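The values are calculated or read from the model by the stated rules, or taken from the named source; none is laboratory data. Worth saying up front: this structure is predicted, and the values here are computed from it rather than measured. Methodologically, a virtual Cβ is constructed for each residue, glycine included, from the backbone with ideal geometry; neighbour enumeration extends over all protein chains shown. Side chains included, ligands, DNA and RNA excluded: accessible areas come from the protein's heavy atoms. Shrake-Rupley method; radii C 1.70, N 1.55, O 1.52, S 1.80 Å.
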Amino acid sequence: MFFDFSITIPFSTTRAAWQETVLKLSDGVIHHVEVGFPWGPAGLVNITLWHMDHQIWPLNPGGAFNSDEEVITWEDRYELKVPFNWLKARCWNTDDTFDHTVELRFAILPAEEIAVGSLLDRLTNLFKKVFRA
């Protein structure tokens, strides 16, 4: 399953008064994330992603994604379960003139699929060790 969100952050939104957007997702394991910054924000738009009351991306407290004309992408294994299958995007825009939009994309697999893939990987690695393949 693939989810796509566009969030427009008004100009002069400070970090202290960030805009929060709830991102409703399905249950499963987030295995791919993209944070897209179109041309224009020049690093003035920032975003952090939260689950419950914990910042999960970027993981370091105080850290935030910001860029210009770039898509930041990574692979992960973050499980979401009903009824907590949502994230929060906390954004701010210190540009004093223009609103800016950030694109968020998430690829989610059912938890069972990830578990089966993980088991197959472990069995394959064991096979290679035993038979030196």
Exercise for the section: Kindly list, by first and then second residue, each pair from a residue in the stretch 83-108 that is acidic (D, E) to a residue that is surrounded by 16 or more Cβ atoms within 10 Å (Cβ to Cβ), limited to pairs with Cβ atoms under 6 Å and residues at least 6 apart or on different chains. Expected result: D95/L44; E103/G36
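Give the residue that is surrounded by the most Cβ atoms within 10 Å (Cβ to Cβ), with candidates limited to residues of the stretch 68-89 that are over 10 Å from the mean Cα position of the chain (by Cα) and part of a strand (DSSP E or B).
Step one: of the stretch 68-89, the residues over 10 Å from the mean Cα position of the chain (by Cα) are 68-71, 77, 79-86.
Narrowing the set further to residues that are part of a strand (DSSP E or B) leaves 70-71, 77, 79-80, 86.
On the way: E70: 13, V71: 12, R77: 11, E79: 14, L80: 18, W86: 15.
Per the stated criteria, the residue is L80.
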Practice task
Return the pairs, sorted by first residue and then second, in which the second residue is open to solvent by 10 Å² or more (accessible area, probe 1.4 Å) and in a strand (DSSP E or B), the first residue lies in the stretch 21-46 and is aromatic (F, W, Y), the beta carbons are less than 7 Å apart, and the residues are 6+ apart or on different chains.
Solution key: F37/E70
Problem - Selection within the stretch 8-23 - closer than 24 Å to K81 by Cβ and either open to solvent by less than 70 Å² (accessible area, probe 1.4 Å) or out of contact with any Lys or Arg (no Cβ under 7 Å at 6 or more places or on another chain) (or both) - result: T21, L23
Handout entry: Number of positions in the stretch 97-108 that are farther than 14 Å from N46 by Cα and not aromatic (F, W, Y)
Key = 4
Fill in the blank from the handout: The condition of being closer than 16 Å to R105 by Cβ and not aliphatic (A, V, I, L, M) holds, among D27, D4, only for D4
Exercise for the section: Would you check which residues across the stretch 24-67 are in contact with an Asp or Glu (Cβ under 6 Å, 6 or more places away or on another chain), more than 24 Å from E112 (Cβ to Cβ) and part of a strand (DSSP E or B) and list them? Expected result: G36, F37
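Of the residues that sit in the stretch 58-67 and are surrounded by fewer than 16 Cβ atoms within 10 Å (Cβ to Cβ) and not aliphatic (A, V, I, L, M), which one is modelled with the lowest pLDDT? Break it down stepwise before answering.
First pass over the stretch 58-67, keeping only residues surrounded by fewer than 16 Cβ atoms within 10 Å (Cβ to Cβ): 59-63.
Imposing the further condition that a residue be not aliphatic (A, V, I, L, M) reduces the set to 60-63.
Numbers: N60: 96, P61: 89, G62: 93, G63: 97.
So, considering only residues that are surrounded by fewer than 16 Cβ atoms within 10 Å (Cβ to Cβ) and not aliphatic (A, V, I, L, M), the one modelled with the lowest pLDDT is P61.
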Exercise for the section: Those residues that are touching a Phe, Trp or Tyr at 6+ places or on another chain (Cβ under 6 Å) and over 17 Å from I56 (Cβ atoms), I need them from the stretch 15-43; list them, please. Expected result: R15
Completion exercise
Among residues of the stretch 29-42 being open to solvent by 30 Å² or more (accessible area, probe 1.4 Å) and not hydrophobic (A, V, I, L, M, F, W, C), the residue farthest from T13 (Cα to Cα) is H31
